[in-house]
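The values are calculated or read from the model by the stated rules, or taken from the named source; none is laboratory data. Computed from a predicted structure; not experimentally measured. Here the Cβ positions follow ideal geometry from the backbone for every residue, glycine too, while neighbour counts run over all protein chains shown. Note: areas computed on protein heavy atoms with side chains; ligands, DNA, RNA excluded. Shrake-Rupley method; radii C 1.70, N 1.55, O 1.52, S 1.80 Å.
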Amino acid sequence: MVSWEIKALDREIGEIKKYSLVLIHQEDPLSRGIDILYHILTAKLKKDNLIGYFNISYPLPLVFRALRRFGIDPTKELEELRLAIIDTFGSFHGIRSTIKGVWTLEGMLSSETLPIKYAQVIEAHKSVWAENNMFEGRDIYGFAVAISSYLELFGSLEETLRYLELSSEVRAVHPAYKKYPRGTNFWLWMGKDHPDVFASVYRRADYVLRTRGYLTEDGIKRELTVLKTPELEKEVIKFEYEFKRDGIKLSKIY
């Protein structure tokens with residue numbers, strides 16, 4: 001089991017089963033669900049774990065800026081090998097980085113080719129971790145920001161669904177996942193569009209958290225709902241939350 005890095009979640013729904021897939025569904029920007037994901041990511045890095053970050057949505061400088069906002073020096077983490085960035089955004093848009101630890105994907109990228117190209121890069125970086133004896137005493141985590149952006153990259157619902165199916169098949173057999181230790185994965189989905197594709201992602205996830213934000217007379221209110229866990233919950237678990245200097249404060253809604 002691994003911690004959510006948020007005490008209220010560890011207490012109310014229990015820690016995460018290792019090797020699970022966790023989906024955070026940010027329904028609207030006001031809820032800042034992406035900041036919950038970054039909070040978890042940076043807490044795992046600060047505990048000296050290994051992170052694979054799949055950058056799907058943003059130019060790399062914006063990713064670096066976000067990590068710095070949470071107290072992480074991305075250049076240092078990349079150089080010390082704890083962090084690896086697979087820059088899908090830059091690969092699709094023809095942007096090449098020479099930064100150590102940032103991997104770009106070569107050649108044609110499509111729903112058919114991307115799963116195997118991901119696996120090849122993951123295998124290559126895991127071999128670096130193995131050569132440097134970095135697996136001992138550390139957990140591995142993968143973070144994908146944001147899965148919903150594949151719809152823009154592939155240009156259709158059908159191609160995105162095809163990518164998701166092929167990815168599952170590749171992960172089941174490729175040496176990147178069979179030869180080397182596996183990790184616990186966190187995916188972010190943004191918005192309420194494309195329910196057919198979202199439903200496919202939802203079914204694959206072991207845990208699903210939904211974030212919503214809304215304006216009231218007292219200011220912005222944010223709500224987190226636990227939609228899915230491996231265990232059947234007796235009730236729908238909801239929290240109000242706010243961002244503090246020292247982290248995220250959740251208060252259960254009864």
(message) Which count do you get for residues in region 37-62 that are open to solvent by less than 10 Å² (accessible area, probe 1.4 Å) and over 28 Å from Glu136 (Cβ atoms)?
(response) 1
(message) Kindly evaluate Phe92 against the criterion of being of a type in the set (Phe, Trp, Tyr) and more than 17 Å from the chain's Cα centre (by Cα).
(response) yes
(message) Filter region 200-240 down to the residues that are buried (at least 17 other Cβ atoms within 10 Å of the Cβ), among the aromatic types (Phe, Trp, Tyr) and within 20 Å of the chain's Cα centre (by Cα) and list them by number.
(response) Tyr207
(request) Could you look through region 186-195, keep only residues that are within 19 Å of Ile56 (Cβ to Cβ) and out of contact with any strand residue (DSSP E or B) (no Cβ under 8 Å at 6 or more places or on another chain), and pick out the one that is most open to solvent (accessible area, probe 1.4 Å)? (result) Lys192
(request) Go through region 129-185 residue by residue and tally those that are under 17 Å from Lys44 (Cβ atoms), crowded, with 19+ Cβ neighbours inside 10 Å and aromatic (Phe, Trp, Tyr). (result) 3
(request) Show the residue pairs that are 6+ apart or on different chains and have beta-carbon atoms under 9 Å apart, the first residue being within region 51-63 and within 20 Å of Glu79 (Cα to Cα), the second being among the aromatic types (Phe, Trp, Tyr) and open to solvent by 20 Å² or more (accessible area, probe 1.4 Å). (result) Phe54/Trp187; Asn55/Phe89; Pro59/Phe89; Leu60/Phe89; Val63/Phe89
(message) Looking at the structure I just gave you, is Met108 under 30 Å from Glu158 (Cα atoms) and surrounded by fewer than 21 Cβ atoms within 10 Å (Cβ to Cβ)?
(response) yes
(request) Filter region 163-199 down to residues that are small (Gly, Ala, Ser) and under 17 Å from the mean Cα position of the chain (by Cα) and give me whichever is nearest to Asn133 (Cα to Cα). (result) Gly183
(request) Report whether or not Leu114 is crowded, with 19+ Cβ neighbours inside 10 Å, within 19 Å of the chain's Cα centre (by Cα), over 26 Å from Ile36 (Cα atoms) and not aromatic (Phe, Trp, Tyr). (result) yes
(message) Suppose the filter is of a type outside the set (S, T, N, Q), open to solvent by less than 50 Å² (accessible area, probe 1.4 Å), on the phi < 0 side of the Ramachandran plot and not in a helix (DSSP H, G or I); does Leu250 pass it?
(response) yes
(request) Scan (1) at pLDDT 95 or above; (2) touching a Gly at 6+ places or on another chain (Cβ under 7 Å); (3) not basic (Lys, Arg) for the single condition Leu50 breaks and write down its number. (result) (2)
(request) Report yes if some residue within region 143-161 is in a strand (DSSP E or B), within 20 Å of Leu114 (Cα to Cα) and not β-branched (Val, Ile, Thr); otherwise report no. (result) yes
(request) Go through (1) within 18 Å of Lys47 (Cβ to Cβ); (2) under 19 Å from the mean Cα position of the chain (by Cα); (3) surrounded by 14 or more Cβ atoms within 10 Å (Cβ to Cβ) and name the single condition Glu80 misses. (result) (2)
